[in-house]
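J.: There's a structure below that I have some questions on.
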Amino acid sequence: MSRARVARRIAAGAAYGGGGIGLLGAAAVGVLLAEMQLAKRSVGGGVAPLPPAADGLYGRGFAGAEPIRFALLGDSTAAGQGVRRAGQTPGALLASGLAAVAERPVELRNVALPGARSDDLERQVALLLAHPGRVPDACVIMIGANDVTHRMPPTQSVRYLAASVRRLRTAGAEVVVGTCPDLGTIEPVYQPLRWLARRASRQLAAAQTIVVVEQGGRTVSLGDLLGPEFAANPREMFGVDNYHPSAEGYATAAMAVLPTVCAVLGVWPEEDRLEADRHEGMLPVAQAAAEAAEEAGTEVTGARAPWALLKHRRRRRLPPVPDPAPSPDHHA
């Protein structure tokens, strides 16, 4: 069965309350989980530090302009586990980059939780929306890896994600989802489990894209987070535990997501048109989702149902990130 059809079945099961459609056989997933836990605990002997707090105001040079309210939700990759400085986290990188492009200060709030699965998104969304006057202008969600390794049925996984995106969009926030990264590049995971992990990751990523687009959000495939560039440069791209990204790895992922964040806010400087020579075009949503899962950094945006736009936005180098300034009206 094609990845597009599998992704559509998972999304349909989530929408209509179907049971879990297994990404992998139970025995294979059990071994895969053990391999992933080994990767976290013992490879290289390193332990990833807790993510540093990066909340605050970025783009202090643009003081006087109304700040953009920006939030991150998700798991350890959204929180920035694996680095020691606030400026190395994806939230800080994205907030600083957004401030530079928009020429406005950006107020960052990160409610992501290391180890979180998609069922924790409801709690995270509630934290962000607890103050109606402080609804984020834009949110980035990075989630899915723990769903795969902890055997959450994919229909449940995408159902939680769809509900969270819908709630944020109803509140008025733009939403960009970095889909499930490629778990097949964790170094201690060997064949055939490496192939199974890659297949599970990409199937979930494609299903995530379908439900996010249907709720009015956009997605960016995060194969770059644990994908080809990481496979080619594991020592540079992985952190001390050989599981979470390093500062260079997070910068790579942030460069892939930043153009889409800017685009949803209408501040990306390039024209928003499809370029055939960059393999961009309009496709059925399920096909666009499957193709995006195969190529990291691909954006999928909803068009007239059942169509979606597939884009490969040009990345920009991220500016240096200073320490965040505390936001005077920040809510803990």
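The values are calculated or read from the model by the stated rules, or taken from the named source; none is laboratory data. Given the structure is predicted, the values throughout are model-derived calculations rather than measurements. For neighbour counting, all protein chains shown are included, and Cβ atoms are generated from backbone atoms with ideal geometry for every residue, glycine included. The protein model used for the area step is the full one, side chains on, heavy atoms only, and it has no ligands, DNA or RNA in it. Shrake-Rupley method; radii C 1.70, N 1.55, O 1.52, S 1.80 Å.
J.: What's the total number of residues in segment 162-185 that are of a type in the set (Asp, Glu) and surrounded by fewer than 23 Cβ atoms within 10 Å (Cβ to Cβ)? Reasoning before the result, please.
T.: Pass one, segment 162-185, residues of a type in the set (Asp, Glu): 174, 182.
Those still in the list that are surrounded by fewer than 23 Cβ atoms within 10 Å (Cβ to Cβ) too: 174.
The number of residues fulfilling the criteria is 1.
J.: Could you please give the count of residues in segment 279-301 that are in contact with a Lys or Arg (Cβ under 8 Å, 6 or more places away or on another chain) and open to solvent by 30 Å² or more (accessible area, probe 1.4 Å)?
T.: 1
J.: Which condition number in (1) modelled with pLDDT under 75; (2) within 23 Å of the chain's Cα centre (by Cα) is the one that GLU299 fails?
T.: (1)
J.: Follow-up. Considering segment 69-78 alone, what residues qualify as being within 14 Å of LEU108 (Cβ to Cβ), open to solvent by 10 Å² or more (accessible area, probe 1.4 Å) and assigned to a helix (DSSP H, G or I)?
T.: The answer is none; no residue qualifies.
J.: Further question: Before we move on, is GLU66 in contact (Cβ under 8 Å) with a residue 24 or more places away in the chain, under 20 Å from PRO326 (Cα atoms) and either open to solvent by 20 Å² or more (accessible area, probe 1.4 Å) or of a type outside the set (Asp, Glu) (or both)?
T.: Working: in contact (Cβ under 8 Å) with a residue 24 or more places away in the chain: yes; under 20 Å from PRO326 (Cα atoms): yes; either open to solvent by 20 Å² or more (accessible area, probe 1.4 Å) or of a type outside the set (Asp, Glu) (or both): yes.
It is true that GLU66 is in contact (Cβ under 8 Å) with a residue 24 or more places away in the chain, under 20 Å from PRO326 (Cα atoms) and either open to solvent by 20 Å² or more (accessible area, probe 1.4 Å) or of a type outside the set (Asp, Glu) (or both).
J.: Could you grab me the full set of residues in segment 116-137 that are outside any loop (DSSP other than H, G, I, E, B), touching a helix residue (DSSP H, G or I) at 6+ places or on another chain (Cβ under 7 Å) and buried (at least 23 other Cβ atoms within 10 Å of the Cβ)? Lay out the reasoning, then the answer.
T.: Initial filter on segment 116-137 (outside any loop (DSSP other than H, G, I, E, B)): 118-128, 132-134.
Of the ones still in play, those that are also touching a helix residue (DSSP H, G or I) at 6+ places or on another chain (Cβ under 7 Å) are 118-119, 121-122, 125.
Listed by number, the residues that qualify are SER118, LEU121, VAL125.
J.: I would also like to ask the following. I'm told ARG159 meets every condition in (1) surrounded by 18 or more Cβ atoms within 10 Å (Cβ to Cβ); (2) over 23 Å from VAL300 (Cα atoms); (3) not hydrophobic (A, V, I, L, M, F, W, C) except one. Can you identify the failing condition by its number?
T.: The single condition ARG159 does not satisfy is (2).
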